[in-house]
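Throughout, read-outs are computed from the coordinates displayed, never taken from laboratory work. Values in this document were obtained by computation on a predicted structure and should not be read as measured data. No Cβ is skipped: glycine too gets one built from the backbone with ideal geometry, and neighbour counts run over all protein chains shown.
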Amino acid sequence: MSPHEHVTAFGTIDGELRVGGMPLSRLAARVGSTPFFAYDRGALDARVDLLRAVLPERIELSYAMKANPMPAVVQHLATRVDRIDVASAGEMHHALDTGIRADRVSFAGPGKTPAEISQAVAAGIIVEVESTTELRRVIAAGDELGLSPQVAMRVNPDFAVKGSGMRMGGGPQQFGIDAEQVPEVLAELAGSIDILGFHVFAGSQNLNAEIIAEAQTRTVDLVTELAELLPTSLRYLNLGGGFGIPYTERDRPLELERVAENLGRLIDGPIAARFPEASPVIELGRFIVGECGVYVTRVVDRKVSRGRTFLVVDGGMHHQLAASGNFGQAIRRNYPLIVGTRAADAGGEGVSVVGCLCTPLDLLGDDVELPADADIDDLIVIFQQGAYGLTASPTAFLGHPAPAEVLV
Ligand SMILES: *Cc1c(COP(=O)(O)O)cnc(C)c1O
């Protein structure tokens, strides 16, 4: 998608980008300092509504809060999604603070410590074990606390999903128990604990609907096989997610309808037949929040070096590692970026937008077309910043102040 398409999606007022219903310069004055992240409440609602409208009704939506753990965002989404997925005990506490029911929170991720596992068991959330060691720790925590743990098993599938920005299933992985090891683990330990079901997460940032659909079909096949080995019926079926969003001009949005059609077939077919007690869960981070946020940073210098114009901004990769190309991209491509106070102006001049860190890696826009008179004090807006922004960036590097975050 082009920057222009993002401007159209947000809209403009008085020639400026509209964020949270007001012109960008007014929002910036209210926030009081740059750089900042702004997340749009209405846009969050629209994303959840889109998913609800397109996906089959029986699908439960889980919000993977590591994508954006800002408390106000999590609180807002907690009332709109069915579940929250957390990746640490810290995230678990934030999730429970929203008031969501404990059995609607799941905890995935490798390297859960015994202390984290016992907190999770005590809280009554679903622990998605990533290894046999974790399963033993869950059993031990349950014995010690005198509680029946809520537990599901994350499985590393025997198939890989192509086209993910980050592959997290198939082949050797630190994530999940290898599918072929599951029978042995269940034979040994299923008698000591009630396993609710399975979770398969194949990868993140996938824009190819066919591949996502194929992964979901194969996941249902795999879980059908594994469920035979459980002494009880399956009550938890987490099909993963990985729905991507377009970051660069080359990316096309995911065709959600195609994913939904296939899910509909799975739900009416094998899932209804085999797993009547399990509502399938889709867990999404980026797809829900990614498009709902912007990063706003102020131009503090404009300089020309040997014929190349640089706009130097007060933010950078310490707040937005991904936009600099240093978070999972093999080839650096620009994220959509505009002069937000002149959103209506067409581009005129190719410039480099760089951050304020002492490294050439701190590049936010490489030869981007911006209005020719873009200068000091202009506000640069980078789109698609609602996910994996602030908390996925090296904020302590160089010791600049933390940016503000607002939900508007
Ligand atoms: C990170 C993660 C997610 C969220 O991925 P997105 O690409 O942000 O949707 C979901 N599930 C698990 C297990 C994860 O590790």
Max mean-square fluctuation residue, GNM over the chain, Cα-Cα springs under 10 Å, options PHE107, PHE37, PHE275: PHE275
Bins of 20 Å from zero: percent of alpha-carbon pairs in the chain: 27, 52, 20, 1
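Where both residues lie in segment 82-284, what percent of DSSP beta bridges are antiparallel, nearest 5?
10
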Relative contact order for the chain, counting Cα pairs under 8 Å that sit 6 or more residues apart, in percent: 20
Amide hydrogen neighbours beyond the local backbone of GLY169, cut-off 5 Å, H modeled: VAL161
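Could you please report the charge total around LEU321, scoring K, R as +1 and D, E as -1 over all other residues with beta-carbon less than 13 angstrom from its beta-carbon?
Working: positive: ARG332; negative: ASP362.
Residues near LEU321 contribute 0 overall.
What ranking of CYS292, CYS356 emerges when the number of other C-beta atoms within 10 Å of each C-beta is taken as an exposure proxy, fewest first? Don't jump to the answer; show the numbers that get you there.
Details: CYS292 23, CYS356 18.
The order, fewest Cβ neighbours first, is CYS356, CYS292.
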Under the Karplus curve 6.51 cos²θ - 1.76 cosθ + 1.60, θ = phi - 60°, whole-Hz ³J(HN,Hα) for segment 390-402, x wherever Gly or Pro sits: 3, 7, 10, 10, x, 5, 7, 5, 6, x, 6, x, 5
Highest to lowest packing among 120-129, 195-204, 135-144, 303-312, scored as the average C-beta count within 10 Å: 195-204, 120-129, 135-144, 303-312
Rounded to 5, the percent of DSSP beta bridges in the chain classed as antiparallel: 45
Candidate aspartates and glutamates for bridging to LYS162, where Cα separation is under 17 Å - those fewer than 8 sequence places away on the same chain excluded: GLU210, GLU214, ASP251, GLU255
Cβ-based charge dipole, the chain, positive-most Cα from PRO371, GLY20, PRO394: PRO371
Dipole moment magnitude, nearest 20 debye, the chain about Cα centre, only Lys, Arg, Asp, Glu C-beta charged: 560
Relative contact order computed over segment 82-284 (Cα-Cα under 8 Å; 6+ residues apart), in percent: 16
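I want the local charge near GLY42. Using Cβ-Cβ distances under 13 Å, sum +1 for each Lys or Arg and -1 for each Asp or Glu among the other residues.
Values: positive: ARG18, ARG41, ARG47, ARG80; negative: ASP40, ASP45, ASP49, GLU291.
Spelling it out: positives minus negatives among the neighbours equals 0.
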³J(HN,Hα) computed for each position of segment 315-321 - Karplus, 6.51 cos²θ - 1.76 cosθ + 1.60, integer Hz, glycine/proline x: x, x, 5, 6, 10, 9, 4
Local electrostatic count, GLY355, Cβ distance below 11 Å [Lys/Arg +1, Asp/Glu -1]: -2
Spatially proximal lysines relative to LYS112 (Cα-Cα < 27 Å; intrachain offsets below 8 disregarded): LYS66
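Order by neighbour count: THR219, THR248, THR34, fewest other Cβ atoms within 10 Å first, most last.
Numbers: THR219 26, THR248 15, THR34 20.
Fewest-to-most ranking of THR219, THR248, THR34: THR248, THR34, THR219.
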